[in-house]
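Heads up, the thing below is written out as structure tokens.
The values are calculated or read from the model by the stated rules, or taken from the named source; none is laboratory data. If you're wondering where the values come from, they're calculated on a predicted model, not measured in any experiment. Every residue, glycine among them, receives a Cβ derived from its backbone with ideal geometry; neighbour counts consider all protein chains shown. Only protein heavy atoms, including side chains, enter the accessible area calculation; ligands, DNA and RNA are left aside. Shrake-Rupley method; radii C 1.70, N 1.55, O 1.52, S 1.80 Å.
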Amino acid sequence: MFKPNSLLKSLKHQESELGMEFSLLCWNVAKLTLKSSYKAFIDSLIQNHNFDILLLQEVKKSIPHELELHDYSYVLSPNIETKKHVFGVLSAFKTSCESELSLLTKKQELRYTTHKVSLITHHKISQEQTLLVVNLHAINFVRNLDFKHELNSLYETISSHKGAMIVAGDFNTWNLKRVRFLEEFAENLSLKKVIFSNEIHLKKIFTNSIDYIFYRDLNLTYSEVIDSKKISDHNPIIAKFKY
């Protein structure tokens with residue numbers, strides 16, 4: 001395994017602004033993006049919900065081949081690169097992307113193995129404002145304090161942004177200390193947590209949720225956890241917003 005070299009991206013909606021109402025899918029797809037069962041399921045989700053933004057973690061892409069992503073623009077931020085594949089977080093959207101920034105964790109999991117990654121993108125919502133979106137796969141298998149330091153690093157990178165923000169992904173908050181560090185992070189950014197009425201389908205470890213969508217300066221109009229029929233060990237979470 002090799003540390004990745006660069007972002008992969010295809011931007012074809014640079015003249016488009018995000019609508020006043022928009023929908024978002026967040027899902028850890030567990031490296032299954034080349035499987036036919038995954039492709040059929042996400043195709044049906046997109047057809048049913050017409051998402052404006054997709055935030056996927058643990059995406060697997062074959063290096064020689066383009067991603068199959070309908071008509072979405074995308075940025076893929078790898079945390080692992082091999083001779084044949086790259087793996088990482090992918091943000092896809094049907095709106096302009098004003099900028100993108102990839103943050104690899106300073107620490108590596110199990111000391112000498114892999115980094116995790118966060119992808120920060122900005123999307124125009126008016127002539128004066130952009131929506132900041134963070135697609136995050138939080139580090140695991142490190143001390144709780146290392147987890148906190150990585151959140152602090154992300155905070156320092158995005159805290160100067162004024163206005164609308166979404167931070168979503170797999171936070172690996174499988175113990176109470178990590179949950180509290182995440183709550184502190186969200187409070188410092190004035191972020192609200194999306195609440196789901198059907199939490200029975202939400203991925204949990206030791207009763208702690210690990211997948212979240214946080215937001216600010218937006219109005220939440222709908223939220224749902226989708227049962228993926230065990231295609232992945234996580235289930236997709238969706239949210240719809242107005243601003």
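Among Asn175, His149, Gln127, which residue has its Cα furthest toward the positive end of the charge dipole of the range 127-195, with +1 on Lys/Arg Cβ and -1 on Asp/Glu Cβ?
Of the candidates, Asn175 comes out farthest on the positive side.
Can you give the convex hull volume of the alpha carbon atoms of the range 10-106 per residue, in Å³? All intermediate terms of the calculation are to be shown ahead of the outcome.
Working: hull volume 10.6 nm³, N = 97.
Hull volume over Cα atoms, normalised by residue count, gives 109 Å³.
Using 7 Å Cα-to-Cβ label points, what is the Leu202/Asn140 separation (nm, one decimal)?
Going by the 7 Å Cα→Cβ label model, 1.8 nm.
For a quick check of your reading of the filter: which trypsin sites (Lys or Arg not before Pro) in the range 151-216 sit in a DSSP loop and have no more than 11 other Cβ atoms within 10 Å? Show your work: numbers first, answer last.
Numbers: sites: Lys162, Lys177, Arg178, Arg180, Lys192, Lys193, Lys203, Lys204, Arg216; in loops: Lys162, Lys203.
In loop regions of the range 151-216 (DSSP not H, G, I, E or B), the sparsely surrounded trypsin sites (Lys or Arg not before Pro) are Lys162.
Heavy atoms only, probe 1.4 Å: what % of the accessible area of the chain goes to carbon and sulfur, would you let me know? Could the numbers behind the result be given before it?
Values: 5850 of 11890 Å².
Solvent-exposed carbon and sulfur of the chain make up 49 percent of the total.
I'd like the projected area of the range 151-243, averaged over all directions, using the convex hull of its alpha carbons. Report it in nm² with one decimal. The partial results should precede the final answer.
On the way: hull surface 25.0 nm².
Averaged projected hull area, Cα only: 6.2 nm².
Considering only DSSP beta bridges whose two residues both sit in the chain, what percent are antiparallel, to the nearest 5?
Of all bridge pairs located within the chain, approximately 85 percent are antiparallel.
Need one number: nm distance between label points at Tyr155 and Lys83, each 7 Å from Cα along Cα→Cβ, rounded to one decimal.
4.4
Project the alpha carbons of the range 141-192 onto their principal axes and report the range along each, largest first, in whole Å.
33, 19, 16
Taking the simple approach of a point 7 Å from Cα along Cα-to-Cβ for both Asn175 and Lys9, what is their distance in nm?
Once both label points are built, they end up 3.7 nm from each other.
Restricting the count to DSSP beta bridges whose residues both fall in the range 130-243, what percent are antiparallel, rounded to a multiple of 5? Spell out each step's value before the answer.
Values: 16 of 22 bridges.
Of the beta bridges lying entirely in the range 130-243, close to 75 percent run antiparallel.
For a quick check, take a GNM of the chain with Cα springs below 10 Å and name the residue from Glu128, Glu183, Glu68 with the largest mean-square fluctuation.
Glu128
What size of dipole, in debye to the nearest 20, comes out for the chain about its Cα centre when the only charges are +1 on Lys and Arg C-beta atoms and -1 on Asp and Glu C-beta atoms? Could you put the intermediate results ahead of the total?
Working: 31 positive and 27 negative charges, 177 e Å.
Rounded to the nearest 20 debye, it is 840 debye.
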